[in-house]
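Worksheet: one structure, shown below.
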Amino acid sequence: MKRIVLIILCLLLSLSVFGCGQKQSPESLGNGWEPVSKTELSFAHEFSIEEYDGGLKLISINEGGRFLVVPEGASAPKGIAKDIVVLQQPVKNIYLAATAVMCLFDGLDRLDAIRLSGTKADGWYVENARLAMERGDILYAGKYSQPDYELILREKCPLAIESGMIGHASDVKAQLENLGVPVLIDRSSYETHPLGRTEWIKLYGVLLGCEERADALFSEQVELMNSASDTDTGKTVAFFRISGTGYAVARKSGDYVSRMIELAGGHYAFSDLGDSSAMATVNVEMETFFATARSADVVIYNSTIGGEVESMEEFLALNPLMKDLDAVGNGAVWCTRESMYQQTLNIGQMIAELNIILNAAPEDDPELQYFFRLK
């Protein structure tokens, strides 16, 4: 009996050793193929890209699935893991419901790959996307939570690109996949470094077969950021908006906007602002807000929600406390353009513009793309 038990234990041990020897790495296709190279990422942590023989590229997204991009004329290898979605190039007729991604396609000059949009024409601040929808080159197919399934099927959509918001509509994701439309979740908003968001252009460069252009565009933004990150101005910046219910809505400390301010040489005024929610902003009582914002060297009003504030008069009308801000008396009140949050590609430029704001004299009126001084 002891001998039988011993034999069984030896067999189990040998099987265990053999199994360990055959275990696939997380990047493996699951059929014995292993990557020949891996794309180096400077700031992004929410995705990875591995290359295999034959030009195959495996995109792995944190909590967002794996996608094997197969060159035109080639075929996916047999026996790959069942969780991998195969995307055959050229990838076109995409349903794009992640607004932060449109500018990346535009920068790559590949709006032609998008057929369906989750945003209407008048909701786009990406000019070429708006024009494409007005021409009928891109059709509105319903917002992310209420897509037009019939239109998506009729246009033979091979891929839906969604933002993390699809987590609030998991039934939609399941329905799309049941209809044979794979869902790629863009998690750029989860990146901790601002340029990590821009670096997602490398993922779409692989998807669309224009990696060199993607690398060049990303490098431009890194250079812009580096040009503005060499000095600490010592100035504090209050970045906020006033809600319809009378609260000051500020970005959390550590948020990518506050990080951009720091990279530009400033200090975010609300350095300890945060809570346990997943929201990027916090509602602050006006008295509490004013105690912090009053002495800020620079005020930037966030007009990406609710429309741009066009003048100092409009800004002061938001709340009686605004007139007592030091930045008002010093002529250091600025406003964001409404297009800011749809321009993931140009975060390096935004950082450079923030640096200009921090160094601007009261009489300066620089022409900036994403900010303007209130007068």
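Read-outs throughout are calculated quantities, based only on the coordinates presented, and are distinct from any laboratory measurement. Quantities reported herein were computed from a predicted structural model and do not represent experimental measurements. Neighbour counts run over all protein chains shown; Cβ positions are idealised from the backbone, glycine included.
Descriptive notes on the structure:
- Sorted largest first, the principal axis extents computed over the alpha-carbon atoms of segment 140-194 equal 39, 20, 18 Å.
- Interchain or long-range residues, amide H under 5 Å from Leu139's placed H: Leu116, Ser117
- Above-threshold pairs, the threshold being 22 Å between Cα atoms, out of Lys78/Lys202; Lys92/Lys202; Lys92/Lys173; Lys57/Lys143; Lys57/Lys82; Lys120/Lys173: Lys78/Lys202; Lys57/Lys143
- Mean-square fluctuations from a GNM of the chain, with a 10 angstrom spring cutoff on Cα atoms, peak among Glu34, Glu262, Glu63 at Glu63.
- Projection of the Cα convex hull of segment 313-359, averaged over all directions and equal to a quarter of that hull's surface, yields 4.1 nm².
- The mean of 1/r over all distinct Cα pairs in segment 37-221, once inverted, gives the Kirkwood hydrodynamic radius of 16.6 Å.
- When you restrict to C-alpha pairs under 8 Å that are six or more residues apart and normalise by the size of the chain, the relative contact order lands at 13 percent.
- Range of Cα positions in the chain per principal axis (Å), largest first: 88, 60, 38
- Residues whose amide H lies under 5 Å from that of Asp148, counting only those 5 or more places away or on a different chain, are Gly142; hydrogens are built 1.01 Å from N in the peptide plane.
- For segment 174-218, pairs of C-alpha atoms spaced more than 14 angstrom apart make up 57 percent of the total.
- Note that segment 203-306 shows a convex hull volume over its alpha carbon atoms of 132 Å³ per residue.
- Relative contact order (percent, whole number), segment 37-221, Cα cutoff 8 Å, 6+ residue spacing: 22 percent
- Positive-end residue of Thr344, Thr231, Gly265, charge dipole of segment 231-373 with Cβ unit charges: Thr344
- Couplings for segment 126-132, taken from phi via the Karplus curve 6.51 cos²θ - 1.76 cosθ + 1.60 with θ = phi - 60°, read 8, 4, 5, 5, 4, 5, 5 Hz in order; Gly and Pro are left as x.
- Packing-based order for 153-164, 212-223, using average beta carbon neighbours within 10 Å, highest first: 153-164, 212-223
- Dipole of segment 37-221, positive direction: furthest Cα of Pro90, Asn178, Ser189, with charges on the beta-carbon: Asn178
- Residue among Trp200, Trp33, Trp124 with the largest mean-square fluctuation in a Gaussian network model of the chain, springs linking Cα atoms under 10 Å: Trp33
- Distance-filtered residues of segment 84-127 - backbone nitrogen under 11 Å, label point 7 angstrom along Arg213 Cα→Cβ: 105-113
- Segment 231-373: C-alpha gyration tensor shape, a/c 1.5 cut-off, then a/b vs b/c: rounded
- Estimated 222 nm signal from helices in the chain, with DSSP H stretches of n ≥ 4 weighted -39500 (n - 2.57), rounded to 500: -9000 deg cm²/dmol
- The HN-Hα couplings worked out from phi for segment 185-197 by the Karplus form 6.51 cos²θ - 1.76 cosθ + 1.60 (θ = phi - 60°) are 8, 7, 10, 4, 5, 8, 5, 7, 9, x, 6, x, 5 Hz, whole numbers, x standing for Gly and Pro.
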